[in-house]
Amino acid sequence: KAQAELQRGVMVADAFTGYRRRVRVVPGDGRIEVDMEDDAHCFGVSLIHDGARIEAVETRAPRYPWSTCPAAGGFLAQRMAGVALADAALVENQRDHCTHLYDLFVVAARHALDPAPFTYDIRVSDPVEGVIVAEIDRDGETLLHWQFDDVRENAVGVPTGDRRAFDAWTRAQPENLIEAGLMLRRGVMVSGTRFFDFPVGAAASAMSQMIGSCFTYAPERAGQALREPDTIRDFSNHPEKMLSGERDD
């Protein structure tokens, strides 16, 4: 019964309680803008290109969890200027970059020549008896729906449950669903930030299990990365506020 109620909660907006993420992709003539907002972050990436090669990268960080996050934008821009659009996902180790800026950068490169804008919306329900339901829409059409029986991680950080099964399944799908699957998995991974309680001003180095996972958690940087105040939002029943610039409270 709990699982059935959980599934209904995902599908009915006014009953949904959980994590949301919106990614807006706006291609143009020689420029594409991709912006993302979720409970814990708000980032954006713009690529200026000549149709084949990236000429410049611009980034935005209106809301971020760690003091070092904005600097990841300059690092990304420096490393990626001059890269071919087709090679954008191949030339760098994602762990050297901000996970979210890098994801947006790759999406921007992939869709730089698209004729029209579109929006992804991701929903990940809060756990009920260890079960969550996750969905991703593109312009209001649901592309993927998956029930995860257990997305918790054990003490050494090894995923349990069926996240690996979802990963294997999406990688065998058509290209558009591969991208949607990658984005949905990222949403599932980040959804736990809804329950994340970390003292303002504390250093990221205290999260020892995360060291080496991204720009902020680089060993040489984590000690100087301090937790920012007022970074968490709840868009459960207010998805229209994502990427609107409007506060959710």
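Across the chain, the longest piece that holds none of the GluC sites (Glu not before Pro) lying in DSSP loops with up to 10 other C-beta atoms within 10 Å covers 1-128. Between residue 226 and residue 193, the modelled label-to-label distance comes to 2.0 nm, taking each label 7 Å out from Cα in the direction of the beta carbon.
Rounded to the nearest 0.05, what FRET efficiency do residue 113 and residue 203 give with R0 = 41 Å and r taken as the Cβ-Cβ distance? Could you check? Could you put the intermediate results ahead of the total?
Values: r = 42 Å, r/R0 = 1.03.
E(calc), rounded to 0.05, equals 0.45.
Placing +1 on the Cβ of every Lys and Arg and -1 on the Cβ of every Asp and Glu, with nothing else charged, gives the range 180-249 a dipole about its Cα centre of roughly 300 debye.
Taking a temperature of 37 °C and a viscosity of 0.692 mPa s, what whole-number D in µm²/s does Stokes-Einstein yield for the chain with Rh from Kirkwood over alpha carbon pairs?
Details: Rh = 18.8 Å.
Value of D from the Cα-based Kirkwood radius: 175 µm²/s.
Within the range 191-228, list the residues whose amide N lies under 16 Å from a label point set 7 Å along Cα→Cβ of residue 126. The answer is 191-197.
For the chain, the membrane-span-like helix rule (DSSP H, alpha carbon extent of at least 18 Å along the helix axis, mean Kyte-Doolittle at least -0.5) picks out 175-190; this says nothing about an actual membrane.
Once you have the Cα-Cα distance between residue 169 and residue 93, take 0.36 nm times their residue separation minus that, and quote the gain in nm to one decimal. Can you show the working numbers first?
Values: separation 76, 0.36 × 76 = 27.36 nm, distance 2.38 nm.
Between residue 169 and residue 93, full extension yields 25.0 nm more.
In what sequence, largest accessible area first, do 189, 242, 183 appear using a 1.4 Å probe? Please list the in-between numbers first.
Working: 189 100, 242 5, 183 25 Å².
From most exposed to least exposed: 189, 183, 242.
Once each of the trypsin sites (Lys or Arg not before Pro) sitting in a DSSP loop with at most 13 other beta-carbon atoms within 10 Å is removed, the chain keeps 2-151 as its longest stretch.
A crude spin-label estimate for the pair residue 139 and residue 178, with each label 7 Å from Cα along the Cβ direction, gives 2.2 nm. Note on the range 73-218: Kirkwood hydrodynamic radius from all Cα pairs is 17.1 Å, rounded to one decimal.
Any idea what the relative contact order of the chain is, in percent, if you count C-alpha pairs under 8 Å spaced at least 6 apart? Computed over the chain, the figure is 23 percent.
The values are calculated or read from the model by the stated rules, or taken from the named source; none is laboratory data. Remember, it's a predicted structure, so these values are computed and weren't measured experimentally. In this analysis, Cβ positions are derived from the backbone assuming ideal geometry, glycine residues included, and neighbour counts consider all displayed protein chains. These accessible areas exclude ligands, DNA and RNA; they are computed on the full protein's heavy atoms, side chains included. Shrake-Rupley method; radii C 1.70, N 1.55, O 1.52, S 1.80 Å.
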